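Below is one structure, written out as structure tokens; comments come after it.
The values are calculated or read from the model by the stated rules, or taken from the named source; none is laboratory data. The structure presented is a predicted model; accordingly, all values stated were derived computationally and were not measured. As a convention, Cβ positions derive from the backbone with ideal geometry for all residues, glycine included, and neighbour counts pool all protein chains shown. For the accessible areas, the whole protein counts, side chains as well, though only heavy atoms, and no ligand, DNA or RNA atoms are used. Shrake-Rupley method; radii C 1.70, N 1.55, O 1.52, S 1.80 Å.
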Amino acid sequence: MRAFQTLIGRDLRLAVRVGGEAMTLVLFFIMVAVIVPFAIGPDRPQLMRLAPGIVWIAAFLSMLLGLDRLFRSDDEDGSLLLLRHSVLPLEAVVAAKVIAHWLVTAVPLLLATPVLALLLSMSWAQWVGTVLALLAGTPALTSFGALGAAVTVGLRRGGLIAPVLILPLAIPVMIFGVGMLDPLAGSGALLFLVALSLLVTVFSPFAAALALRAAGE
Amino acid sequence: MSASPTFAQARLRVRGLTVRRGERLLFADLAFELAPGEVLLLRGSNGTGKSTLLLTLAGVVRAEGGSVEITGPDELPQMHLLNYQHGIKARLTAAENLGFWRRMYGETGVSVAEALQAVGIGGLAGLEAGYLSSGQVRRLSLARLLVSYRPLWLLDEPSAALDRDGEALLGRLIDAHREAGGMAVIATHHALPLANGGGITTLVLGDSP
């Protein structure tokens, strides 16, 4: 357990020291929300109606853009190879990295949502709902992302391949995430979203570890 | 944690090992055995499979046939792998890098400060690893072998980038490891300054064209 925490701690510390990466994603996230009102015009009721969908698109894309970095730097400097002989099984290593990655990429987005709420003139209830939906849905996005990142870790210029690979898997997250904010949907969508997140978070470390083992050969 | 390591039961047994890379057969039906205190030196020209053999022993590359059996004092992973990739983060200090590996590998060895002293970079503990020279990075990497006791060392060209003092240091580290009952498989082109205590065998790979 100590090693597990150490790995998360190291990834967080590296993210803070290297900086930039998390900031880029947040800026991208805000940028999408900034340009949308210009694209569809300053029609407040319409903007308000579209706001949850826009926030989800922005979050979805910035999460997808960031996931390529999940294993790449550790693979390039040999850390990943050495981590295979640590006291943790590779599955636990992946799980720790997924948690750290979620903290570094998803939490800043959640913190940036008030800015988007202002730009898109969201109501208080809408904003709370969006934050809740992102909180429930982003773990699934990161976990699916771990699969994509593990499969493409051996490709030197894999950049956008991982997001394209996991896009079909990640679309349900988007559907339920936006569906949650539909007043007619009730609580079913949230439950689906949480179930999806829990399930994927549990299973993806095993699948990703398998892919990493294969990539090491 | 400072109890002296007991590697008495440690063994490395390799039987009938056959490894193929792509279409190329690197070696077939390789067999050897290491007991505590023994060292195997791997020789052979470039591309004869020295590094691949080390990766196979480490369980990273899957063998086509045969078995690698590493037994040790407990259930934890029993080997250290040292190759050209050091797993060192440029933005963490030398001590942070080493402390990370110490905790990830089980805190069974000497402390971080002691290990850095032992490899001669004790004064650089607080420096970000990105500022270290390649020889110092290699020394930092060697320190990783000391912060957790593992009976089997798999070293791939361990003397690369090391100066003369560094080579002597490497020899001393390996000798101390042998004395404690450790084993090592070392792929190298250089003559390592090892004490002549016996138990050193050489395996030449790729003698058939």
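Could you please find all residues in the stretch A:180-197 being in a helix (DSSP H, G or I) and touching a residue at least 12 places away in the same chain (Cβ under 8 Å)?
Looking only at the stretch A:180-197, we keep the residues that are in a helix (DSSP H, G or I), and these are A:188-197.
A:Ala189, A:Leu190, A:Phe192, A:Leu193, A:Val194, A:Leu196, A:Ser197 - these are the residues of the stretch A:180-197 that are in a helix (DSSP H, G or I) and touching a residue at least 12 places away in the same chain (Cβ under 8 Å).
Let me spell it out: the conditions are (1) at pLDDT below 90; (2) over 30 Å from B:Thr56 (Cβ atoms); (3) surrounded by 21 or more Cβ atoms within 10 Å (Cβ to Cβ), and A:Leu70 meets all of them except one. Which number is the exception?
(2)
Taking the conditions exactly as written (without any contact (Cβ under 8 Å) to a residue 12 or more places away in the chain, out of contact with any His (no Cβ under 7 Å at 6 or more places or on another chain) and not hydrophobic (A, V, I, L, M, F, W, C)), does A:Arg69 satisfy them or not? Spell out how you get there, then give the answer.
Details: without any contact (Cβ under 8 Å) to a residue 12 or more places away in the chain: no; out of contact with any His (no Cβ under 7 Å at 6 or more places or on another chain): yes; not hydrophobic (A, V, I, L, M, F, W, C): yes.
Judged against the criteria, A:Arg69 is not a match.
Determine which single condition A:Glu217 fails, assuming it passes every other condition in (1) exposed (fewer than 15 other Cβ atoms within 10 Å of the Cβ); (2) at pLDDT below 90; (3) away from every other protein chain (no Cβ under 14 Å).
Among (1) exposed (fewer than 15 other Cβ atoms within 10 Å of the Cβ); (2) at pLDDT below 90; (3) away from every other protein chain (no Cβ under 14 Å), the lone unmet condition for A:Glu217 is (3).
Hey, among A:His101, A:His85, which residue is under 30 Å from B:Leu55 (Cβ atoms), open to solvent by less than 30 Å² (accessible area, probe 1.4 Å), at pLDDT 85 or above and touching a strand residue (DSSP E or B) at 6+ places or on another chain (Cβ under 9 Å)?
On the way: A:His101 fails: touching a strand residue (DSSP E or B) at 6+ places or on another chain (Cβ under 9 Å).
When all the criteria are applied, what remains is A:His85.
Here's the yes/no breakdown for (1) touching a strand residue (DSSP E or B) at 6+ places or on another chain (Cβ under 8 Å); (2) assigned by TED's automatic domain parsing to the domain that holds B:Leu17:
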{"site": "B:Asn46", "(1), (2)": "no, yes"}
{"site": "B:Leu53", "(1), (2)": "yes, yes"}
{"site": "B:Ala95", "(1), (2)": "no, no"}
{"site": "B:Ser134", "(1), (2)": "no, no"}
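Are any residues in the stretch A:32-67 open to solvent by 10 Å² or more (accessible area, probe 1.4 Å) and not in a helix (DSSP H, G or I), and if so, which ones?
Answer for the stretch A:32-67, where residues must be open to solvent by 10 Å² or more (accessible area, probe 1.4 Å) and not in a helix (DSSP H, G or I): A:Gly41, A:Pro42, A:Asp43.
Being open to solvent by 30 Å² or more (accessible area, probe 1.4 Å), basic (Lys, Arg), more than 7 Å from chain A (Cβ to nearest Cβ) and over 15 Å from the mean Cα position of the chain (by Cα) narrows it down to one of B:Arg62, B:Arg102, so name that one. Working first, answer last.
Working: B:Arg62 fails: more than 7 Å from chain A (Cβ to nearest Cβ).
Residue meeting the stated conditions: B:Arg102.
Confirm whether A:Ala150 is open to solvent by less than 30 Å² (accessible area, probe 1.4 Å) and either touching a Pro at 6+ places or on another chain (Cβ under 6 Å) or aliphatic (A, V, I, L, M) (or both).
On the way: open to solvent by less than 30 Å² (accessible area, probe 1.4 Å): yes; either touching a Pro at 6+ places or on another chain (Cβ under 6 Å) or aliphatic (A, V, I, L, M) (or both): yes.
It is true that A:Ala150 is open to solvent by less than 30 Å² (accessible area, probe 1.4 Å) and either touching a Pro at 6+ places or on another chain (Cβ under 6 Å) or aliphatic (A, V, I, L, M) (or both).
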